[in-house]
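Only one structure is covered here, and it is reproduced in the block below.
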Amino acid sequence: MSTEQKPAVSSKPEKPKKVLLQNQIERYLRIPFFLLIPLVIFNGLIYMANVETGVFFSIGLIAYTLIVVFTYVHNKPNIMTALISFAFEQGQVQKELLKDLAIPYALIDLDGKILWANPLFYGIIGSDKPTKKSVTQIFPEITKELFPQKSTLTEFGMRYQEGYYRVELRRVVIKDILPEEVEWEKEDGLIAMYLFDETELRRYIQENKDQKLVSGLIYIDNYEEAMEAVEEVRRPLLTALVDRKVNKYMQNIDAIVKKLEKDKFLVVFQQKYLQQLQTTKFALLDEVRSINIGNEIAVTLSIGLGVNAPSYTQSYDAARVAIDLALGRGGDQAVVKDGEQIYYYGGKSQGVEKNTRVKARVKAHALREVLETKDQVIIMGHRLPDADAIGAAIGIYRLATAMNRKAYIVINEVTASIRPIMNNFLGNNSYPEDLFIDSERAMNQTDHNTALIVVDVNRPGYTECEELLTMTKSIVVIDHHRTMSDSIQNAILSYIEPYASSACEMVAEILQYVIDKPKLRPMEADAMYAGILVDTDTFVTKTGVRTFEAASYLKRSGADVTRVRKMFRTDLDVYKQKVAGVQNAEMFLDDYVIGILPSEGMDSPTVLAAQIANELLDIEDVKASFMLTQIKDTVYISARSIDEVNVQVIMERMGGGGHATVAGAQLQGVTLEEGKQQLQGVLEKMTVEGDI
C-alpha cells in the first residue's frame, strides 16, 4: 500500500477572479485606515512620555482620520467609474478594429443566421445594411454539415458570383468566453466566419497552368498498308491530305507541328487548349479516317499526349508512353497521360491486320535469346484459362523443350473448356507428370535462373499467379489483347499485337521464325488449332490472312479438324443450360441484348456465357451482346459484337478490356442484377455521349 500522502484539498470554494480583483482594489483604498493602527499606538507612547505632545499628536491624528475618510468616500466611486469607462472604451476600440478589419468577417449562430458582420462582408453579399438572412441562403455551397463542431476549425473553398473564396469557420463556445462567476451549462455557441478572396490567386495559378506546354506525338497507324492500297500516282496526294489535316487541325490550337518521319509528327501546344481537344474527342481522328481518294483502307492515327509533367523532357517521355499505349490498343485513338491518370479517346474502328511479319520475326529471335540464358521456363496464362491460353502455353512449352529447357505450365483450376485438351497430355508417357503445376509449386520452383512467359493476358491481376511477376526479372509477355494502364510493366520482352486473332496465332508465327524451328506434335498442333477456333468463333471474328496462314501451319504440323471438333462437343445438360441462357436474354436500347446465366451446377459458366454471347449476335438488329454469370463473389461479363460497336471501350468503362469485337470485365462484390444495372447505365451514358 503506497505511503505517499495526497495533498490536502481545501473545502473552501475558490473565489472568482473578478471578486479577487475587487478585493485587491478595496484593500488598496483602505491602506490609509490600516496606517491608523500604528499611529494610535505611537500616540499612546507619546502620552506616556509627554502629555502635551500627545495631545497635539492626537489632534493631528483626528485631522488625518477625517481626511482619509473623506478621501475614501469621495474617490472610491470615481475610481470604479474610471475602471468601467476604460473597459467600455477598450470594447469600443475592439469593435472598431473588427469593423475596419481588412478581412470580411461575420458572426453567425448555429443555424447560420448572421448576427453581426463588418462592412467588407456586407460588400461581398451586396448589402449596405445588416441582414438576418442565413449564410446557407446567401452562399449555396455552404451547408449546415460544414459548420464546425465544438472548438474546431473548418476550411474549404467556395465560388460566389465572379469570385473564389477560401472560407474559415471557427466555432466559439459561449461557456468558454463568459466570466467564471457566470454559470452556463449549455453548449451553445457562435461561429466566426472569415472570407479570404483568392480570385486573383486562382487566376494566376490557372494562367500558369494554361501556359504549360503539352508534348504530343501523332503516328499514322497503317501508313504502309494504306499506301499499298492506293494507286501509285495518288500516294503523294494521300500523304499531302493527311499532312494538311494534321497541320490545319493543330493550327486551331496554336500548336507547333514538326514532321519527324513520313508517318510521325511531333506537336507542342499550350495546355489551355487541351480541354478543347477533349471536348471534341479529338475530332482529328475522324477527319483523317474520312479521307478517301480511292484508297481501300482508311488512314487512321494514334495520338499520345503528356500533360502536367514537371519538365518538358518528362512531358515528352509521358507522350511516348501514351503513344505506345495507343498503338498497343490497336491504334485509331488518343491517349492522354496526366501524371498517373490515363484517359482514352476514340478507338471505335476495327483494327486492320498488318501484312508485314517483321515484328513477329524480331520478337521470335529475341525470345530465343531470352530462353538461351535461362535453365528453366514457367508458362502461365490468365485465371480460368480457355483454349487459347492453354494452346499458346503448349506452343511455348514445345519451343522451350526443343531448346533443352525444363518447362512447366501453371494451371490452378481445370475448367470444362480445357479439360479435353489437357486429357491428351495427362498420363501420356511422352510428357512429364509435372507438365502442369499449381501456383504454390511454381513459386517454389522460380528462381533468378527462371524465365517467366505470360500468354493471352497482359494485366497482372488477371494472371494465374501474380506473385510470380515479382520473383524473376526475366518476364516475357505474348498477348493479343489491347493494353491498359495497369499492364505488366517489368517485362524484358513484350509482344502485344491487338491485330492478331489469338495468342495461338502469335505463338504459331513465333515457332515458324525461330531458327531450327521446333516440330510440333499432332496433339500440340490440335491444342493450338483449338485456341484459334475458340477466339475466332470458328474463323468468323477477327480472322485475317495471317490467321489462316497460322492455321495452315498447324494443319501441316498434324492438327486434325475432326479431333478438335470432338473436343468441343458438350453433353445434353450443358446444351440445355445454353438454351436457357438464350431464353433469359432481353433487348436493351433496341441495339443490344443482355442476358444472365445462372452458374449453379455448372463447371465452366464463363465459357458457356461467351458461347451464348457469340450466338446472340446471329439475332437480327443486334449490334452487341452481353452475357453475365457469377462465380463466388465475382460477376463475369462476356461482350461480343460484329463490326458496328466497339465492345472493348464499353468494357473498359467497367474495369475490363479486350478487343473491339471480343471483350469482357469482372465486377467484384456485386450481384448479377446489380452488374446488369451497371452495364445498362454505362450503355445509356455512352450512347448519350456519342461514344458508341
Query raised in the report: Somewhere in segment 661-670, is a residue assigned to a loop (DSSP other than H, G, I, E, B) and in contact (Cβ under 8 Å) with a residue 60 or more places away in the chain?
Result: yes
Report task. Could you tell me whether segment 365-385 includes any residue that is modelled with pLDDT under 90, surrounded by 23 or more Cβ atoms within 10 Å (Cβ to Cβ) and not in a loop (DSSP other than H, G, I, E, B)? Result -> no
Query raised in the report: Which of the residues belonging to segment 374-428 are within 39 Å of the chain's Cα centre (by Cα) and of a type in the set (S, T, N, Q)?
Result: Gln376, Asn412, Thr415, Ser417
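A quick yes/no check of all residues on (1) touching a Ser or Thr at 6+ places or on another chain (Cβ under 7 Å); (2) within 21 Å of Tyr462 (Cα to Cα):
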residue: Leu616; (1), (2): yes, no
residue: Val622; (1), (2): no, no
residue: Met627; (1), (2): yes, yes
residue: Val647; (1), (2): yes, yes
residue: Ile650; (1), (2): no, yes
residue: Val662; (1), (2): yes, yes
residue: Lys685; (1), (2): no, no
Report summary line: Scanning segment 187-230 for residues that are under 30 Å from Ala309 (Cα atoms) and among the hydroxyl-bearing types (Ser, Thr, Tyr) gives Thr199, Tyr204, Ser215, Tyr219
Requested in this report: For segment 451-473, enumerate the residues that are among the hydroxyl-bearing types (Ser, Thr, Tyr), touching a residue at least 12 places away in the same chain (Cβ under 8 Å) and farther than 22 Å from Ala503 by Cα.
Outcome: Thr472
Report task. For Lys685, indicate whether it is surrounded by fewer than 20 Cβ atoms within 10 Å (Cβ to Cβ), under 24 Å from the mean Cα position of the chain (by Cα) and basic (Lys, Arg). Result -> yes
Report summary line: Within segment 431-446, the residues that are touching a helix residue (DSSP H, G or I) at 6+ places or on another chain (Cβ under 9 Å) and either outside the structural domain of Leu371 (by TED's automatic domain parsing) or touching a residue at least 60 places away in the same chain (Cβ under 8 Å) (or both) are Ala442, Thr446
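A quick yes/no check of all residues on (1) over 19 Å from Tyr343 (Cβ atoms); (2) at pLDDT below 85:
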residue	(1), (2)
Glu644	yes, yes
Val649	no, no
Arg653	no, no
Ala665	no, no
Glu673	yes, no
Gln678	yes, no
Lys685	no, no
Glu689	no, yes
Report task. Return yes when Ile532 is closer than 26 Å to Asn614 by Cβ and buried (at least 20 other Cβ atoms within 10 Å of the Cβ) and no when it is not. Result -> yes
**Report entry** Scope segment 473-488; condition surrounded by fewer than 18 Cβ atoms within 10 Å (Cβ to Cβ) and among the hydroxyl-bearing types (Ser, Thr, Tyr); matching residues
**Finding:** Ser485
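The values are calculated or read from the model by the stated rules, or taken from the named source; none is laboratory data. This structure is a prediction, so every number in the text was calculated from the model and none was measured. Here Cβ is always computed from backbone atoms with ideal geometry, including for glycine, and neighbour counts include all displayed protein chains.
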